[in-house]
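Q: Starting off with a structure, shown below.
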Amino acid sequence: MGPDDEVAAADKPARPGNQLRNIALGILLVAVVLFVLSIFMERRTPISSQAQVQAYVVGIAPEVAGRVIDVGVTDNSRVEADQVLFHLDPNTYNIAVERAEATLSMIGQSIGASTATVDAVQAKLVEAESRRDNLRDQATRALALANRGVFAKSRYDEAKSAFDQSEALVKASEAELAKAKEQLGPAGKDNPQIKEALAALERAQVDLLRTTVRAPSAGVVTNLQLAVGNVLNPGQTAMTFIDVGTIWIAAAFKENSLGNIAAGNSADIIFDVLPGELFTAKVESVGFGVSQGATDPSSGLPIIRSDSGWLRDPQRFRVRLLLDEPQRPQGARYGSQATVVVYTGNNLITNAVGALWIRILSVLSYVR
């Protein structure tokens, strides 16, 4: 071959077969890299799109029976702690209080003792105890949330201060009641009939107080189907209450992603309802079990799974995450969907990929 032939061969374009082979090899190499990266991501920086906003859901039910005479809230309305939700007809319970007062007065007259002061002070004590119990529940809840990092400590301090004041009022009322009982005289305060009448009066006063149903904390009333005229029994759910002051994220991760996830791991979260916004969080706990559905509830017979193929569907477990203070995802509702990425350690490559991917998804959520 002469010099002219060599020049001609060099100028000849590469064959299409070589170009297709190079493209195929490039695609294969990218696929292998992505496959290997996905394996490391599953273990070191797992991502889950199966996440939802969760909160405490309470069925509001009266402790006494009665006919509803007033509903103070509307469906999906926000309420404050101790706000009146609805009233039951108090007439029957007013009569019970009057009957108990009359019985106490008759017994007092029979032993020559005045019971009017005891009656008034005991009513005051019952009301103070009811308010104290409600504030104690709020303070206990605030302490638990402050310890978990959901509430700022200042919010617990406020709740604790309100409870302490109510406790002081209860003690003052108890002292006043003890003084009033002393005025009955030795025969009066130790008289079994007096004790029984006072207990009956206190029970009637408590039942009367319970005809007013109040919100246990700040939250939202939803799925309201209560109307004036409804007759409720004790323990019968009258409305659904969602405690919006306490929310967390429940994310379902595949079982092989749980190996490195631990309480305290940092995470990023995006909500479908808030596209483009990124929230930081921490893992609070990892679920220890899921329902197996191993028994048919109607027949009691075992259910046999019929998985086939080389690989079975992966099991998923719940991971509970708390948003870092003071973030509040405005517009996120109970059950709102979210996507979560958890950073299980100082894994520079997988953490960088996870952070980039969650930010890309936050932008794509505008069009989902």
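Throughout, read-outs are computed from the coordinates displayed, never taken from laboratory work. Bear in mind that the values here come from a model prediction, so they are computed numbers and not experimental data. Cβ coordinates were reconstructed from backbone atoms using ideal geometry, including for glycine residues, and neighbour counts include every protein chain displayed.
Q: Read phi for every residue in the range 51-57 and hand back ³J(HN,Hα) as whole Hz from Karplus 6.51 cos²θ - 1.76 cosθ + 1.60, θ = phi - 60°, with x for Gly and Pro.
A: Those phi angles translate into 9, 9, 6, 10, 7, 6, 10 Hz.
Q: On a full-extension model of 0.36 nm per residue, what is the gain between residue 291 and residue 202, subtracting their alpha-carbon distance, rounded to one decimal in nm? Each step should come with its number before you reach the end.
A: Details: separation 89, 0.36 × 89 = 32.04 nm, distance 4.60 nm.
Working it through step by step, the gained length comes to 27.4 nm.
Q: Spin-label point model (7 Å from Cα, Cβ direction): what's the residue 359 to residue 262 distance in nm?
A: With each label point 7 Å from Cα toward Cβ, the separation is 2.8 nm.
Q: Could you give the length gained on full extension between residue 91 and residue 175, defined as 0.36 nm per residue of separation minus the Cα-Cα distance, in nm? It would help to have the intermediate numbers written out before the result.
A: Values: separation 84, 0.36 × 84 = 30.24 nm, distance 3.05 nm.
Full extension from residue 91 to residue 175 adds 27.2 nm.
Q: Something else about it: What residues qualify as long-range amide H neighbours of residue 265, i.e. H under 5 Å apart, gap of 5 or more or another chain, H built at 1.01 Å from N?
A: Long-range HN contacts for residue 265: 283.
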